[in-house]
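Below is one structure, written out as structure tokens; the observations come after it.
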Amino acid sequence: MHELISIPSSNYALDGLLYTPDRDEAVGSVIIFHGNCKNFYSGPSRFLAEPLRQAGFAVLTFNRRGHDVMYTQGRDAFGGAFQLAHEMIEDNDLAAQWMGQRGYASPAIIGHSNGGMLAVPHVAARPDTPALVLLSAHRGGRNLVPMISKGGLFAKDQVAELTEQARTMIAEGRGRDLMLLPGWWHVAAADTFVDFSTLLPDMMKFAPQISCPTLFIRGDMENRDIYPAEEFSEHSSGSTVVEIWDNCDHFYTGHEARVADRVASWLRENGRSKM
């Protein structure tokens with residue numbers, strides 16, 4: 001069964017899908033956190049949900065306010081170009097509260113990329129979380145923007161210039177005005193550029209607080225310093241399975257079915273949550 005749902009927030013609802021198994025009682029529940037500028041109807045949020053439902057889990061996929069690069073509510077612009085760290089964290093909290101109200105206490109958490117980074121402090125604050133799956137989770141923190149820019153994303157070789165531009169715009173009261181970026185995600189508000197550069201949680205600082213079993217998958221085409229599976233395993237307090245997949249990119253292109261099978265089987269062993 002699939003149910004289109006809306007989760008109230010401080011300004012507008014977060015849309016999503018709740019997948020529920022055909023059997024009378026789920027074996028557990030899962031929330032999937034999407035990556036930067038993504039959404040609940042593409043990528044891991046899409047290709048993981050149905051196999052997990054078939055494995056007996058109730059699965060929530062949902063859009064944070066920072067989904068996609070840009071979209072509109074009425075004539076007001078929102079999306080990844082305007083996202084702020086405190087809203088990302090709040091949206092994940094709201095999703096967990098919503099699941100609790102529906103009778104799904106202590107869901108397992110799956111996070112891809114930026115959603116994986118956010119999943120770590122989320123789970124650190126919830127020690128009853130049964131299991132955590134990190135799919136190419138980036139490290140977050142203040143060093144992320146220089147690292148990904150050096151790799152050809154975000155600001156590329158213009159970090160200093162664009163940081164100065166963003167701070168000048170904010171000082172002039174133009175924090176929500178957009179700046180063009182030379183790399184993905186191509187456009188961001190000045191407020192968001194500075195927020196993303198300075199206020200992201202540092203995943204590794206929260207790793208020692210993770211006591212639940214963790215599965216951390218990374219493709220071999222990805223930078224191990226940006227997506228620090230091995231380092232996370234060394235610092236986590238719980239058991240961590242690290243898997244580096246051959247010929248695999250950040251979005252698991254061509255490996256979708258394999259990821260779904262692996263995550264579903266691992267969660268069947270480790271992710272049964274209280275109902």
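The values are calculated or read from the model by the stated rules, or taken from the named source; none is laboratory data. The model shown is predicted, which means the values in this text are computed figures rather than measured ones. With ideal geometry, Cβ positions are generated from the backbone for all residues, glycine too; neighbour counts draw on all protein chains shown. Calculation scope for accessible area: heavy atoms of the full protein, side chains included, ligands and nucleic acids excluded. Shrake-Rupley method; radii C 1.70, N 1.55, O 1.52, S 1.80 Å.
Couple of notes before you dig in:
- The residue list Ala58, Ala81 contains one member that is crowded, with 22+ Cβ neighbours inside 10 Å, within 18 Å of Leu132 (Cβ to Cβ) and out of contact with any His (no Cβ under 7 Å at 6 or more places or on another chain), which is Ala58.
- In the condition set (1) buried (at least 16 other Cβ atoms within 10 Å of the Cβ); (2) closer than 30 Å to Trp184 by Cα, Pro8 is compliant with all but (1).
- Verdict on Ser197 being polar (S, T, N, Q) and surrounded by fewer than 19 Cβ atoms within 10 Å (Cβ to Cβ): no
- Looking only at segment 172-184, and only at residues there that are open to solvent by less than 60 Å² (accessible area, probe 1.4 Å) and in a loop (DSSP other than H, G, I, E, B), the one that is nearest to Asn114 (Cα to Cα): Gly183
- For segment 164-185, a residue qualifies if it is under 24 Å from the mean Cα position of the chain (by Cα) and either modelled with pLDDT under 95 or over 18 Å from Leu153 (Cα atoms) (or both), and exactly one does: Arg176.
- Residue within segment 152-171 that is open to solvent by 20 Å² or more (accessible area, probe 1.4 Å), in contact (Cβ under 8 Å) with a residue 24 or more places away in the chain and closer than 29 Å to Arg46 by Cβ present: yes
- Scope segment 138-154; condition out of contact with any Ser or Thr (no Cβ under 7 Å at 6 or more places or on another chain) and not in a loop (DSSP other than H, G, I, E, B); matching residues: Gly140, Leu144, Pro146, Met147, Ile148, Ser149, Lys150
- Filtering segment 6-38 to residues that are in contact (Cβ under 8 Å) with a residue 24 or more places away in the chain, closer than 14 Å to Asp91 by Cα and aliphatic (A, V, I, L, M) leaves Ile7, Leu14, Ile31, Ile32.
- Residues that are open to solvent by 40 Å² or more (accessible area, probe 1.4 Å) and farther than 16 Å from Leu4 by Cβ within segment 30-41 comprise just one, Lys38.
- Residue that is nearest to Arg272 (Cα to Cα), among those in segment 104-137 that are assigned to a loop (DSSP other than H, G, I, E, B), open to solvent by 10 Å² or more (accessible area, probe 1.4 Å) and of a type in the set (A, V, I, L, M, F, W, C): Ala105
- Phe216 modelled with pLDDT of 95 or more, open to solvent by less than 20 Å² (accessible area, probe 1.4 Å) and not in a strand (DSSP E or B): no
- Restricting segment 185-201 to residues that are touching a strand residue (DSSP E or B) at 6+ places or on another chain (Cβ under 8 Å) and assigned to a helix (DSSP H, G or I), the residue that is farthest from Asp68 (Cα to Cα) is Ala190.
- Of all residues in segment 242-274 being under 16 Å from Thr129 (Cβ atoms) and outside any helix (DSSP H, G or I), the one that is most open to solvent (accessible area, probe 1.4 Å): Lys274
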